[in-house]
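Comments concern the structure below.
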Amino acid sequence: MRYDTPIYFQSITQGDFNSRRGDYAPDTIEETEVYADVTSAGTDTLKLIYGDIKQDALVIRLQNHYSNTFNRIRIDDKQYRVDFSRKLRVKQIFIVSEVQ
């Protein structure tokens, strides 16, 4: 396995309310870059996790555990949410699906 794909764990902080304008400030997104092995999820895995075939599902494997809190994961220009996570002895696995 090659851990050569940069992924970005995104932590989103909601913008504060501006009472003079009557709206919220833009959200701030803080990203942490980590290199991972990213592959497409197989049909057996998709059936096990989702019960059917789901488009754009990926398997992300990290060499170490990621312990910081995050809201979503960005790979290239696409946003993904975590559907399943498993911590092994030293590695961590995420199964993610694309956010529409």
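Per-structure values
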item	result
Residues of the stretch 29-66 satisfying the condition of being modelled with pLDDT under 75, within 19 Å of Val82 (Cβ to Cβ) and open to solvent by 100 Å² or more (accessible area, probe 1.4 Å)	Lys47, Leu48, Gln55
Any hit, the stretch 7-15, residues being modelled with pLDDT of 95 or more, of a type in the set (Val, Ile, Thr) and touching a strand residue (DSSP E or B) at 6+ places or on another chain (Cβ under 9 Å)	yes
Among residues of the stretch 58-100, those that are outside any strand (DSSP E or B) and of a type in the set (A, V, I, L, M, F, W, C), counted	4
Neighbours by Cβ (under 7 Å, 6+ apart or cross-chain): first from the stretch 2-15, in contact (Cβ under 8 Å) with a residue 24 or more places away in the chain and of a type in the set (D, E, K, R); second surrounded by 14 or more Cβ atoms within 10 Å (Cβ to Cβ) and part of a strand (DSSP E or B)	Arg2/Asp37
Cβ-Cβ under 8 Å pairs, at least 6 apart or on other chains, the stretch 57-81 side under 13 Å from Ala36 (Cβ atoms), far side of a type in the set (S, T, N, Q) and not in a strand (DSSP E or B)	Val59/Thr45
Top-ranked residue in the stretch 1-28 [being of a type in the set (Val, Ile, Thr) and in contact with a Lys or Arg (Cβ under 9 Å, 6 or more places away or on another chain); ranked as most open to solvent (accessible area, probe 1.4 Å)]	Ile12
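The values are calculated or read from the model by the stated rules, or taken from the named source; none is laboratory data. Just so you know, these numbers come straight off a predicted model, no measurement behind them. Cβ sites come from the backbone with ideal geometry, for glycine too, and all protein chains shown count toward neighbours. Just the protein is used for accessible areas: all its heavy atoms, side chains included, with ligands, DNA and RNA removed. Shrake-Rupley method; radii C 1.70, N 1.55, O 1.52, S 1.80 Å.
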